[in-house]
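The values are calculated or read from the model by the stated rules, or taken from the named source; none is laboratory data. Source: prediction; values computed, not measured. Cβ coordinates were reconstructed from backbone atoms using ideal geometry, including for glycine residues, and neighbour counts include every protein chain displayed. We work out accessible area using only protein heavy atoms, side chains counted, and drop any ligands, DNA or RNA first. Shrake-Rupley method; radii C 1.70, N 1.55, O 1.52, S 1.80 Å.
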Number of protein chains: 2
Amino acid sequence: MATTRSARAQRLENVALELFASQGFDETTVDELAVAGGVGRRTFFRYFPTKLDVVLGELDDGLAALVAALAGERGDDPVAAARAAFLAINHYAAAELPALRRRLGLIEDVPELAARATVRYRDWESALATDAARRWGEDPASLRAQVFGRAVVAAMRAVFSAWHARPEADADALGALVDEAFDALSRGFASP
Amino acid sequence: MATTRSARAQRLENVALELFASQGFDETTVDELAVAGGVGRRTFFRYFPTKLDVVLGELDDGLAALVAALAGERGDDPVAAARAAFLAINHYAAAELPALRRRLGLIEDVPELAARATVRYRDWESALATDAARRWGEDPASLRAQVFGRAVVAAMRAVFSAWHARPEADADALGALVDEAFDALSRGFASP
DNA sequence: CTGGCGGTGGCACCGAGTGCCGCTTAGCGT
DNA sequence: ACGCTAAGCGGCACTCGGTGCCACCGCCAG
């Protein structure tokens, strides 16, 4: 977040998402991305370590933000803290939503992207587990904390998936889904 | 599980896991795997669509087993059904544990394997969501059901991770961890 | 003017994965 | 026993993602 990524990276990203949308992810080679971005192939890989990271790039700025947001939350209920942190992080301007939608669409139906995304989430999971353990006064390695961390991320994936599935859902709808998902986690899945 | 995979595939798999353990996953090329298995490189790819699948191969026999086990469970509590189904599926003989351990170890610390594994789990997630929706009498697309499916898989990942972290844990320990994880899901994460 | 220095990108290389095709071999009918 | 067919095998060549190396260009400092 420190410095805005160079304008060039931004342009590369836009052009790439454009091509992915029109041709498909697998059908677009890095060579095409490079020429379309007016840059050498070698240089492309200096901006993005992987073709996948063009799509996922911004997502992991989120980790630092998540940790910060969690640190700012008081109270001893990790679910409430996590919910608040996520709502704080995922506050998108209306203009950003179409781009978000495109990204989510790609992530959903290009398996390799989904895979890479979940690897990124591992850090989120452990950050959430650590936070929960702290609030509970438990060992962060405790199974419950670990399950919590992973379950929260799982819930967020479900939220994004559901949001993406409703074509006209807006930012408020996203918030509502987050609430619903966290309620489920909080209450547990026993009985009704 | 239906027909035992050809003896050749089995041998290939053993040799490969051996090499992975001694040299590391990334440091072992498919060429090496092929020669070590006494087979052409091209043939290797007929047995395993991907180098990754050598490690993950058996895991997705599990899907069919999971679905079958879920279908066999009665009652309207999806957590109980899922727990029972998982315990039924993950009933390993003592002799299998070392191999399981090696696999889990690879999956844990080769990010690409972890990624691929989670993609495989998507089918599990949706199977679990569908099952839960049926027992609750809800729409399988409902957010709660989706969260449930993903959370259960998340819990299982935590279980395997915790089990793998304790060097001398046996099959009973695995069962205990499963119980603990499912209890957490059932009760929810509110308060202590 | 000159000597670093960071960004660039060409080139060559590696490894995974795929299509094609010729070969072996096992199985079959006659 | 003989030939034919079909399936599995594996070599070859190719694509594409990703990396190391290095030569080049522009910039600022001395």
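For residue B:68, the distances from its label point to the matching points in the remaining copies are 5.2 nm, ordered from shortest, with each point set 7 Å beyond Cα toward Cβ. Distances between copies of residue A:38, taken at a point 7 Å out from Cα along the Cα→Cβ vector and listed shortest first: 6.1 nm.
Quick check on the protein assembly as shown: take the gyration tensor over C-alpha atoms, sort the square-rooted eigenvalues as a ≥ b ≥ c, and tell me if it's rounded (a/c under 1.5), prolate or oblate. Oblate shape, in that a/c is at least 1.5 and b/c is the bigger or equal ratio. Note on residue B:164: accessible area is roughly 50 Å² with a 1.4 Å probe, heavy atoms of protein only. Accessible surface computed residue by residue for chain A, with neighbouring protein chains in place and a 1.4 Å probe, gives 47 Å² per residue. Summing charges over neighbours of residue A:173, with a neighbour being any other residue whose Cβ is under 14 Å away from its Cβ, gives -3 when K and R count +1 and D and E count -1.
Over the range A:55-187, the fraction of Cα-Cα pairs per 5 Å bin, rounded to whole percents and listed from the shortest bin up, is 2, 10, 20, 24, 21, 13, 7, 2, 0.
Based on C-alpha pairs under 8 angstrom that are at least 6 apart in sequence, the range B:14-154 has a relative contact order of 20 percent. Largest first, the extents of the alpha carbon coordinates of the range B:7-48 on the three principal axes equal 22, 18, 15 Å.
Remark: label point of residue B:139 defined 7 Å out from Cα along the Cα-Cβ vector; separations to the same position in other copies 4.4 nm, ascending.
Note on the protein assembly as shown: dipole from Cβ charges, positive end direction compared against B:94, B:28, A:169; the farthest Cα belongs to B:28. Coordinate range of the alpha-carbon atoms in the range B:116-181 per principal axis, descending: 43, 26, 14 Å.
Over chain A, dividing the summed -39,500 (n - 2.57) contributions of all DSSP H runs of at least 4 residues by the number of residues returns a 222 nm mean residue ellipticity of -23500 deg cm²/dmol. The range B:63-133 and the range A:131-167 have Cα centres spaced 19 Å apart. The shape of the range B:16-86 can be summarised by an equivalent ellipsoid whose semi-axes, obtained from the alpha carbon gyration tensor, come to 37, 13, 7 Å from longest to shortest. Per-residue shielding of B:159-166, expressed as the average number of other chain Cβ atoms within 10 Å of the residue Cβ, stands at 2.
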